[in-house]
Amino acid sequence: MSIDPFRRLAPFIREYIYTHGWTEMRPVQVEACKVIFETNAHLLLSSGTASGKTEAAFLPAITLMHEDPSSTIGILYIGPLKALINDQFVRLQDLLTEADIPVWHWHGDVSQNRKKKLLNDPRGILQITPESMESLFINKTVMLPNMFGDLRFVIIDEVHSFMGSDRGRQVLCQLDRLSRFLHAPVRRIGLSATLGDYTQAEEWLRSGTDRPVVTPAVRLGGQRIRMAVENFYIGDDGPSQIGKTDRKATLDAKSRANKSLDEYVFDSSRGKKCLIFANDRGQTESIVASMRSIAEARGLPDIYHVHHGSISASLREAAENAMRGWRPAVTAATVTLELGIDIGLLERVIQLQSPPSVSSFVQRLGRSGRRGSPAEMWFALSEHNLTGKENLPRMIPWRLLQCIAIIQLYLEEQWIEPVRSVKYPFSLLYHQTMSTLASCGELVPALLASRVLSLSPFQWISADDLRELLLHLIEIDHVQKTDEGGLIVGLEGERIVRDFRFYAVFPDNEEYTVKEKSTEIGSIVMPPPPGERFGLAGRTWEVVEIDARRKVVYALRVKGKVTAVWHGGAGDIHTRIPQRMREILFENTEYAYLQAGACERLRQVRTLARHSLLDRETIVPLGGNSYCIFPWLGTIGFRTLKRCLSQPVFSEWLSIKDPCMPYFMIIDIKKGNPSDVINQVISFGETAPVISLMKPEEAPQIQKYDQFVPPNLVRKAYCNDYLDLCELKNLVGAKPDS
């Protein structure tokens with residue numbers, strides 16, 4: 001740059017930097033200024049958590065808008081979570097106190113009065129979720145030119161959380177649709193702390209535009225990391241001898257791990273600012289209920305909180321405020337605190353069970369280690385006690401192996417899962433077709449097709465595909481054909497589109513609001529009958545009354561602990577992870593972060609694996625006609641293998657008994673040689689069409705609106721996006737494609 005980036009910023013921004021004691025601009029901020037001030041390119045910023053990415057995006061963009069004010073909203077910020085938007089909203093208000101640039105946030109928790117003020121004077125910065133953006137398209141269509149006509153920048157936070165999902169594709173559709181109301185093309189800025197493949201992220205960010213994307217190379221000091229992994233047994237039976245391991249060593253390990261997982265987590269977080277990450281809401285509820293019980297028994301204060309999507313906004317805010325404070329506080333959370341909400345100086349992250357992916361591990365690790373302190377993450381894993389009656393695959397600590405594999409893939413290679421492309425998002429096609437008709441009114445088929453098929457996520461979808469969808473929607477009265485030959489939303493379609501849940505493309509459940517008198521606690525999907533108990537917000541509640549019409553459960557807080565259950569998938573596992581798990585079994589590496597119980601458990605399973613010849617065989621005999629296949633494939637490869645073995649050509653001589661995705665599959669051999677199975681599968685995968693893996697008329701409904709998509713299109717999407725015959729080549733232990 002011709003001048004210092006700091007000098008190029010608006011005067012009120014420089015004053016803000018001075019008054020807040022910044023000694024210098026961070027590397028990511030300097031590089032962002034270069035791109036924003038000196039080029040017209042889109043910008044992708046990828047650097048660690050707390051590296052200053054948010055300010056790097058906003059400071060130069062606000063400077064340009066200050067120098068040349070926009071007549072409408074000038075900066076649109078799209079965030080994945082309401083809590084993240086609320087956090088950024090407060091930070092921006094502080095920054096813009098001295099400037100004539102208003103900042104607005106818009107989501108379900110924002111008052112109608114605030115929204116009306118924005119609509120009356122739409123300028124400045126708008127922070128919004130994709131769902132609220134969809135609502136604007138449908139309900140405020142005529143206002144969109146006045147709101148966004150002079151838009152200059154779109155900032156998309158946590159890009160990695162959008163890529164590869166229907167929600168991310170929805171965002172791209174919205175940006176394409178928004179471009180029709182703009183006086184000039186806008187620049188996009190993407191932010192993320194967790195990207196493995198910058199090329200993929202750049203392609204995603206530029207979708208539907210001709211503008212290049214610049215990703216500055218930001219050099220940061222090497223991050224110091226402290227980690228500890230411990231493994232626990234659960235259940236009443238004692239540990240058993242495993243393979244030919246030393247029983248005394250097993251008992252010693254059990255003695256060292258005699259402290260329960262809950263006590264371990266309690267002691268590891270005591271007196272600290274600590275986040276406990278769980279992979280589902282039920283785990284967060286259970287661990288906090290246990291923490292509170294232990295604290296009460298020891299006469300210690302209750303400093304525990306729960307933070308997930310079914311907790312009321314007030315309780316989530318209480319958890320966030322507690323984490324920002326200076327006193328010790330512990331919050332158990334799902335992905336809602338995985339992203340970049342400011343929770344101050346965090347001393348430790350604890351992960352229950354293995355994180356679901358390398359990406360999630362990196363994101364969660366980055367929540368600690370701010371302001372020069374090391375990033376610190378402890379893992380608490382558990383498995384059921386072994387009785388000695390388990391078969392071989394049930395004796396393997398899969399969670400422990402997966403956790404080590406995820407850690408090693410990042411430490412050794414900085415590898416993060418690439419985003420799997422989806423060619424046929426027909427559920428989203430339904431959603432955007434109905435949204436377009438709802439916002440535009442009557443459209444002739446050709447104009448509707450041009451508007452929908454021009455959206456960048458639908459580049460692989462043909463006009464014939466859309467025609468088949470529209471004919472089906474007319475048949476089920478989601479779309480109606482007018483006497484003039486146009487298309488409008490039909491009566492059944494109105495029922496779907498006018499429901500607020502339509503704005504979201506991810507599946508939802510009908511939830512009941514839980515109240516203690518007039519105070520909202522959160523929500524549950526299936527309330528138990530009056531008199532029975534359930535867990536929510538880390539506490540136990542007894543149902544007093546259910547108002548079915550208003551979907552409200554009135555409950556009374558009681559003592560005790562019950563299991564809280566939420567249903568949900570764990571997401572796909574990439575093939576690289578199981579194959580690294582296999583390598584861990586047969587290498588002699590000692591991992592310094594393993595604590596006593598985990599270290600002993602790994603030693604045991606390595607001995608077991610070698611005695612069982614798992615380093616040589618993919619199919620291992622279990623006794624009689626039973627065999628176990630260890631495919632070392634990811635979720636998609638395992639799903640494809642299972643379908644292959646279910647085909648008539650295989651079902652004549654084997655049957656599947658016990659598949660445990662994606663780790664192992666137990667089969668019974670009826671006839672033939674088991675050693676030929678893998679070769680036959682690979683041969684089948686090289687010659688058979690993928691459609692042959694599906695039963696006639698089978699149409700698996702996976703995405704939210706698949707139920708309204710013609711079965712033929714659902715089958716087409718499943719074959720192309722959820723199965724992959726090429727994955728089968730990895731069965732023989734070859735290194736998978738990245």
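The values are calculated or read from the model by the stated rules, or taken from the named source; none is laboratory data. Values in this document were obtained by computation on a predicted structure and should not be read as measured data. So basically every Cβ, Gly included, is an ideal-geometry build from the backbone, and we count neighbours across all protein chains shown.
Taking the listed residues 97, 72, the one that is under 23 Å from residue 341 (Cβ atoms) and more than 25 Å from the chain's Cα centre (by Cα) is 97, with no other qualifying.
If the condition is being of a type in the set (S, T, N, Q) and either touching a Ser or Thr at 6+ places or on another chain (Cβ under 7 Å) or touching a residue at least 12 places away in the same chain (Cβ under 8 Å) (or both), then the range 136-164 contributes 141, 146, 161.
What number of residues within the range 1-25 satisfy the criterion of being touching an Asp or Glu at 6+ places or on another chain (Cβ under 8 Å), over 13 Å from residue 61 (Cα atoms) and either among the acidic types (Asp, Glu) or in a loop (DSSP other than H, G, I, E, B) (or both)? Residues that pass the stated criteria total 2. Candidates 685, 637, 672: the one that is of a type outside the set (Val, Ile, Thr), under 28 Å from residue 428 (Cα atoms), in contact (Cβ under 8 Å) with a residue 12 or more places away in the chain and not assigned by TED's automatic domain parsing to the domain that holds residue 406 is 637. Hey, could you check the range 342-358 for residues that are in a loop (DSSP other than H, G, I, E, B) and crowded, with 22+ Cβ neighbours inside 10 Å and say which is modelled with the lowest pLDDT? Out of the qualifying residues, it is 343.
Can you confirm whether the range 104-111 contains a residue that is closer than 30 Å to residue 310 by Cα and of a type in the set (Gly, Ala, Ser)? There is at least one residue in the range 104-111 that is closer than 30 Å to residue 310 by Cα and of a type in the set (Gly, Ala, Ser). For residue 165, the criteria (1) surrounded by fewer than 24 Cβ atoms within 10 Å (Cβ to Cβ); (2) under 15 Å from residue 47 (Cα atoms) hold in every case but one, which is (2). State yes or no: is residue 463 aliphatic (A, V, I, L, M) and under 35 Å from the mean Cα position of the chain (by Cα)? Yes. Looking across 659, 696, one residue alone is in a strand (DSSP E or B), free of Cβ contacts under 8 Å to residues at least 24 places away in the same chain and not aromatic (Phe, Trp, Tyr). It is 659.
All but one of (1) in contact with an Asp or Glu (Cβ under 7 Å, 6 or more places away or on another chain); (2) assigned to a helix (DSSP H, G or I) hold for residue 31, so report the exception by its number. Single failed check for residue 31: (1).
Look through 345, 337 and report the one residue that is in contact (Cβ under 8 Å) with a residue 24 or more places away in the chain and over 19 Å from the mean Cα position of the chain (by Cα).
Working: 337 fails: over 19 Å from the mean Cα position of the chain (by Cα).
When all the criteria are applied, what remains is 345.
Counting only strands (runs of 3 or more DSSP E) that sit completely within the range 464-536, those holding 2 or more residues that are over 23 Å from residue 132 (Cβ atoms) and out of contact with any Asp or Glu (no Cβ under 6 Å at 6 or more places or on another chain) correspond to 479-481, 512-516, 519-524, 533-536. Looking across the range 261-285, the residues that are at pLDDT 90 or above, touching a strand residue (DSSP E or B) at 6+ places or on another chain (Cβ under 8 Å) and either loosely packed, with under 14 Cβ neighbours inside 10 Å or of a type outside the set (Val, Ile, Thr) (or both) come down to 261, 264, 268, 269, 272, 273, 274, 275, 277, 278, 283, 285. State whether one or more residues within the range 625-636 are closer than 26 Å to residue 354 by Cα and in a helix (DSSP H, G or I). Yes. Inside the range 379-436, residues that are assigned to a loop (DSSP other than H, G, I, E, B), free of Cβ contacts under 8 Å to residues at least 60 places away in the same chain and of a type in the set (Lys, Arg) make up a count of 1.
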